[in-house]
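Reviewing the structure listed below.
Read-outs throughout are calculated quantities, based only on the coordinates presented, and are distinct from any laboratory measurement. From a predicted model like this one, the values you see are computed outputs, not experimental measurements. Cβ placement follows ideal geometry from the backbone for every residue including glycine, while neighbour counts extend to all protein chains displayed.
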Amino acid sequence: MGDISSSAYALRQRASARGLQISTGHAQQLAAALIGHKTLAAFQTSGEPAATHDAAHLLIDYELAEDRARELSLPDGLIPAAVDALGDEMPVAVHKGWDDFVVALQDDVHTEILRDAEVISQMTMANAGLRYVDVYLEGLEEFDLDTGGPIELRLTGQVLMDQHPDRVFYGTEIDVEASLHVHRFGKRLFGHPEVRVTLAKLRWMNEPPAPLVKEPPVNKRQPFQLPICPDALPDLVVERGPGDQGVGWWVPEVKHTTLAKYISATRKAQAKFPKRVFIDPFCGPGRLQVKGESFTRAGGSVVAWQQSVDSDCPFTSVLVGDLKPERASACEDRLRALGAPVRKFDGPAASTTLEMIEHVPANALCLAYIDPYNLEFLSFSIIEALAKLKHIDFAVHFSLMDLTRNVDMELDPARDRFSGANPGWRDRLPADISKANLPAWFFEDWMAQVKKLGFQISHAMPLVEDSGRALYRLVFFSRHAFPDKIWGDVARGRNLPLFDFIE
Ligand SMILES: C[S@@+](CC[C@H](N)C(=O)[O-])C[C@H]1O[C@@H](n2cnc3c(N)ncnc32)[C@H](O)[C@@H]1O
């Protein structure tokens, strides 16, 4: 990589193959800009040429390269050729954006963790096969390329295993703590991630997690807390849950907190899209009261809107709907009172989503928050319809209570309330499935249908339990690795196996 001349030479060749001419000097200037230096001279005096032999990752500086190409009046179309030339000539992984870089780091970290001797020993003890590594680079979204030095993070998480049915069960969850150091060799050059595992411990028989001795993160961020703001419209209807007793604590603590953290953590990626749309076809009235609390709190879409404003990436459109017009109107009014560009839709989500789609501008980045009370209303047609949007990520409330209690009864074709949520599931059901395994199979099969639409489903699926009963999972899916990685960061916690409550 020290050899910027070879990159410039390769660029000239590639350019000429595309019918574009560029002088050696300009090719060198463009290569220097792509690695973060305004001029070739600045690169040469920076000390980077000597240090770069040890670099492992290069994060391309497109903005600077575009500025430089304009200043030097270079022909259009040279930058992609220059990026390809750098990629060929340099012994580094070239990343076209921060998101790609983070995903690559994440992969490297997982590989390093699986190479650690203690992790291997604990995996051997588990007597099971690897499922996945649930360790995310929490806090990396705070890293500032302009001012940051090396990347240093403390990592916590788990290596999760799949039990072999015919082997003795010792446990499938290995708690892992580690530190990460990524040396910074220059403006845009980083070293190979150094991961030091400080703890690897199999949870014997899946015992509950020992409270992790969590040192404050390196950047000393405060724990995330949802703000509690007064209701601008207190006379409007409020969601108070079953029997008006109040909703569960998990609604703000799990559902809304995860949603807000995700919006905050993706603000830089969102800012790249001029149009950002929040879609909430089960919006409720925009205000709720938690059981045991004397005050009310913001509902999901209001939390999302406020967070987008606080994160300097306000949604450019908020589309809300509810079966009950009074609720949809209350939500609309509350959002409007906070300045949101809101539009409301009355009726069942399966039809309002079709109308909502008509109001999504081309190329908008969409976040769909699908939050029905139970599985019966999680119509798959909602997901299929929204999946037609080009850039869309989903956070879905998947009711487990309904599933675990009722799935066997739904085998009766006269009843079958779940065919809307997972069309054709009874035809795919294996003949020899036991009643105990039916809910797990149903969930896996639903995920398989979602994947067929081109989505990847995050392994991080916060599980909400109440008095030992599994109530629901918050399932996230997207088409890209970056949102998936961010959700993995923010939705971390006790990431239990998908159906650990099944006998
Ligand atoms: C769990 S609440 C929504 C809470 C809200 N998303 C939040 O986070 O504050 C579910 C809402 O869905 C509405 N609803 C029920 N069935 C529906 C359907 N088929 N289509 C649209 N809305 C429905 C209910 O009236 C209720 O307001």
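On a 0 to 90° scale, report how tilted helix 78-89 is relative to the longest principal axis of the chain, with both axes built from alpha carbons and the result rounded to the nearest 10. Helix 78-89 and the main axis of the chain meet at about 80 degrees. Taking packing as the residue-averaged number of other Cβ atoms within 10 angstrom, the listed peptides 14-20, 187-193 run from highest to lowest as 187-193, 14-20. Could you list the residues of the stretch 449-486 with an amide nitrogen less than 15 Å from a label point located 7 Å from the Cα of LYS96 in the Cα-to-C-beta direction? Output list for this probe position: 480-482. Over all alpha-carbon pairs in the chain, figure out the percentage whose distance exceeds 30 Å. Summing the P(r) tail past 30 Å for the chain gives 56 percent.
3J(HN,Hα) along the stretch 96-105: 7, x, 4, 4, 5, 4, 4, 5, 5, 4 Hz, from the Karplus curve 6.51 cos²θ - 1.76 cosθ + 1.60 with θ = phi - 60°, whole Hz, x for Gly and Pro. Each residue of the stretch 484-491 was assigned a 3J(HN,Hα) from its phi angle through the Karplus curve 6.51 cos²θ - 1.76 cosθ + 1.60 (θ = phi - 60°); the sequence is 4, 5, 5, 4, x, 5, 7, 9 Hz, with glycine and proline shown as x. The stretch 271-318 and the stretch 141-197 have Cα centres spaced 32 Å apart. Taking the longest Cα principal axis of the chain as reference, the axis of helix 4-17 is set at about 80 degrees.
Remark on GLU465: its backbone amide H falls under 5 Å from those of LEU471, a criterion applied only to residues 5 or more positions apart or on other chains, H modelled at 1.01 Å from N.
Taking amide H atoms as placed 1.01 Å from N in the peptide plane, the amide H of ASP162 lies under 5 Å from those of GLY129, LEU130, ARG131, each 5 or more residues away in sequence or on another chain. To the nearest 10 degrees, how steeply does helix 438-452 sit against the main Cα axis of the chain, on a 0 to 90 scale? Result, in degrees: 40.
Work out how much length MET205 to ASP244 would gain on full extension: take 0.36 nm times their residue separation and subtract the Cα-Cα distance, in nm to one decimal. Can you show the working numbers first?
Values: separation 39, 0.36 × 39 = 14.04 nm, distance 3.97 nm.
Gain in length upon complete extension: 10.1 nm.
Fully extending the segment from ASP412 to ILE433, taken as 0.36 nm per residue of separation minus the present Cα-Cα distance, adds 6.0 nm. Residue-wise HN-Hα couplings along the stretch 65-73, as the Karplus relation 6.51 cos²θ - 1.76 cosθ + 1.60 with θ = phi - 60° gives them from phi, are 4, 5, 4, 5, 4, 5, 4, 8, 6 Hz; Gly and Pro carry x.
Amide H contacts under 5 Å for GLY157: VAL176, restricted to partners 5 or more places along the chain or on a different chain, H placed in the peptide plane at 1.01 Å from N. Computed from the Cβ-Cβ distance with R0 of 30 Å, the FRET efficiency linking VAL309 to GLU71 stands at 0.25.
A Förster radius of 60 Å, combined with the Cβ-Cβ distance separating PHE295 from SER23, puts the computed FRET efficiency at roughly 0.30. Listed by chain and number, the lysines whose C-alpha is less than 17 Å from the C-alpha of LYS201, apart from same-chain residues fewer than 8 away, are LYS214. Taking 29 Å as the limit for the C-alpha separation, the pairs LYS255/LYS275; LYS268/LYS291; LYS96/LYS451; LYS187/LYS388 exceed it in the case of LYS268/LYS291; LYS187/LYS388.
Over the chain, dividing the summed -39,500 (n - 2.57) contributions of all DSSP H runs of at least 4 residues by the number of residues returns a 222 nm mean residue ellipticity of -10000 deg cm²/dmol. Using only C-alpha atoms and all pairs of different ones, pull out the Kirkwood radius for the stretch 225-300 in Å with one decimal. Result for the stretch 225-300, one decimal place: 13.8 Å. Sorting the segments 475-484, 27-36, 292-301 by their mean number of nearby beta carbons within 10 angstrom, highest to lowest, gives 27-36, 475-484, 292-301.
Pull out the extension gain between HIS181 and TYR132, defined as 0.36 nm times the separation in residues minus the alpha carbon to alpha carbon distance; nm, one decimal. Each step should come with its number before you reach the end.
Numbers: separation 49, 0.36 × 49 = 17.64 nm, distance 2.21 nm.
In short, 15.4 nm is gained.
Taking every DSSP bridge with both residues inside the chain, close to 65 percent are antiparallel. With the alpha-carbon atoms of the stretch 99-206 aligned to their principal axes, the span from lowest to highest coordinate is 53, 23, 19 Å, starting with the largest.
If R0 is 56 Å, what FRET efficiency do you get for SER121 and LEU354 from their C-beta distance, rounded to 0.05? Present the calculation step by step, with values, prior to reporting the outcome.
Working: r = 54 Å, r/R0 = 0.97.
Efficiency at R0 = 56 Å is approximately 0.55.
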